[in-house]
Structure formats: C-alpha cells, structure tokens
Amino acid sequence: MKIKKIELEQVAGFKSQWPNDNLDEIAFVGRSNVGKSSFINSFSNRKALAKTSSKPGKTRTINFYRVNDSFRLVDLPGYGFANVSKAEKAKWDKLINEYLHDRENRKEVFLIVDIRHEPTALDKQMYDWIIDSGFMGFVIATKYDKIKKSQIQQHINLIKKKLEIEDEGLIFAYSSETKHNKDVLEEQVEVIIEI
Ligand code: GTP
Ligand code: MG
C-alpha cells in the first residue's frame, strides 16, 4: 500500500471535532517525543506534514490524516512527559483515553517505542490495554538509526521482555530518517485496512 495522497483532515481538541463517518483508522500511541509524528511524516514521504519537535509535548491534539481517501492515520498526543502541568497532562490523557475507548473507527492501534530505551511502566500499561482490547499488539521500535547494528537484537529482546511480547513478528524496527522497514509496514497496513 503506497500513500498516494495524504492530507491533514482534522485537528481535534474535543471529541465533537472527530470526523463523522466510518473510515477505518490506524492510530499511533506512545510516550512524548518517541517519534509518532515523525513516523507519520516519513511513512507518507512528507517532510513536515505532521509537526515534530526535539522537545516533548509537541502534539497536543488528535490529528486525523486522511490517506488515499480510503483510511486515516491518527496522531495522538504523547504520554509520560514529566515537564507539564497537572491540568495539561489531564487534558492530554483525556484526549488519548477518549479516542482509545470511544472511537469506533479505530481498526488498529500501534504502540511506538524508542528502540534505545527500555519500555516504561506506562508503555506496559498501554500495551496491555491494546492486547486486552483485541488489537494485534503491533509495536514500532523507532529511531533504529540511532543504535549500532550489533546492539539491535539486544534492544529488541529487552522490548519483547518488558512488554511480554511472544511473537517477534509483531515488532518492527523503524527509522524515520532512513525509512528502514517502511516497505514491511506498508504491507502490514495494507493487510489491516483490507480485513
Ligand atoms: P509528541 O508529539 O511530543 O508526543 O512527540 P512525537 O512522539 O510525535 O515525536 P516527534 O515525531 O515530534 O519526534 C521527536 C524527536 O525525535 C524529533 O526531534 C525527531 O526528529 C526525532 N525522531 C523521531 N523519529 C526519529 C528517528 O527515527 N530517527 C532519529 N534519528 N530521530 C527521530
Ligand atoms: Mg507528535
């Protein structure tokens, strides 16, 4: 599945702003700064469609990207960012939770983690929710370009262990810089959308 056309269809700070139709959606969740928005850019061959930042807390709304007029990629705010007020944190958590619990269009939810770091307790909690909700449990371990090739398997094993993933086929090492594994993920997205 190649992305021929992608557009930012809706920026939603409230549930009432969600697109009102039944197009399938694939959502990306993960810690702040892990690379969710960068993933959407690189996966769709666009440099700055989704706004990214070296500082955590960039995406503060739910951003719906309409792809090939047939499905959506959904960029969510991150969780686990310490340097933010309680009120702001509560707002983001509400946005994330509402989308995950109430959005009927969501066909699959991918967890994005940083390949360099051990997943946190919040990552584990999110992953358990993904599995318990009946999703496949796909994990994108991004920033692959930032570690030595010789260390990759060790890092993948740590992610597997921490999240209790039995099937390594569910983990995709990825780099938004080099687009490593983009073709594999394109195939996976195609399968998800056509089910
Ligand atoms: P929030 O919106 O704050 O939740 O963050 P996010 O998960 O959307 O992260 P974002 O895409 O804004 O990326 C955070 C930082 O990581 C940026 O400086 C990106 O350039 C960098 N980054 C993301 N993915 C990669 C990658 O695969 N490789 C490298 N080298 N840097 C990356
Ligand atoms: Mg973002």
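Can you list which of the trypsin sites (Lys or Arg not before Pro) found in region 1-39 are DSSP loop residues with at most 16 other C-beta atoms within 10 Å? The qualifying sites are K2, K4, K5.
An oblate overall shape is assigned to region 115-195, the ratio a/c of its alpha-carbon gyration tensor axes (a ≥ b ≥ c) being 1.5 or greater and a/b not exceeding b/c. A 1.4 Å probe over all protein chains sorts H180, H155 by accessible area into H180, H155, starting with the largest. DSSP assigns beta bridges within region 1-143; of those with both partners inside it, close to 40 percent run antiparallel. Computed with the Debye formula from one identical point scatterer per Cα of region 1-110, without solvent, the log10 of I(q)/I(0) at q = 0.14, 0.17, 0.19, 0.23 Å⁻¹ comes to -0.51, -0.76, -0.95, -1.37. Averaging the sequence gap over all C-alpha pairs within less than 8 Å and six or more residues apart, then dividing by the number of residues, gives the chain a relative contact order of 23 percent.
Which shape class applies to region 119-165: rounded if a/c is under 1.5, otherwise prolate when a/b exceeds b/c and oblate if not, where a ≥ b ≥ c are the square roots of the Cα gyration tensor eigenvalues? The shape class here is prolate. Amide H contacts for E9 (H built 1.01 Å from N in the peptide plane; partners 5 or more residues away or on another chain; cut-off under 5 Å): F64, Y65, R66. When you filter the GluC sites (Glu not before Pro) in region 91-177 for DSSP loop state and at most 15 other Cβ atoms inside 10 Å of their Cβ, you are left with E104, E164, E166, E177.
Proximity of backbone amide H atoms, modeled 1.01 Å from N, is registered between H180 and S175 at under 5 Å, excluding neighbours fewer than 5 places apart on the same chain. Counting 0.36 nm for each residue step from E164 to V191 and taking away their Cα separation leaves a gain of 7.3 nm.
Geometric descriptor of region 63-154, per residue, is 136 Å³ (volume of the convex hull of the Cα atoms).
Separation of region 56-117 and region 31-54, taken as the distance between their Cα centroids, equals 12 angstrom. The trypsin sites (Lys or Arg not before Pro) of region 95-195 meeting both criteria, a DSSP state outside H, G, I, E and B (loop) and at most 12 other C-beta atoms within 10 angstrom of the site's C-beta, are K148. Overall form of the chain: rounded. Here a/c, set by the Cα gyration tensor axes a ≥ b ≥ c, is under 1.5. For region 1-86, the Cβ-based charge dipole about the Cα centre amounts to some 440 debye (Lys, Arg positive; Asp, Glu negative; other atoms uncharged). Bridging of K146 to aspartates and glutamates at a Cα separation below 19 Å is possible for D114, E118, E177, once same-chain residues fewer than 8 apart are set aside. Computed over neighbours whose Cβ is under 12 Å from that of D102, the net charge equals +2, Lys and Arg +1, Asp and Glu -1.
Over the chain, DSSP H runs of length four or greater, each weighted -39,500 (n - 2.57), average out per residue to a 222 nm ellipticity of -10000 deg cm²/dmol.
The values are calculated or read from the model by the stated rules, or taken from the named source; none is laboratory data. Predicted model only: the values in this text are computed from it and were never measured. Note that each Cβ is placed from the backbone with ideal geometry, even for glycine, and that neighbours are counted across all protein chains shown. Quick note on the areas: whole protein, heavy atoms, side chains included, nothing else; ligands and nucleic acids left out. Shrake-Rupley method; radii C 1.70, N 1.55, O 1.52, S 1.80 Å.
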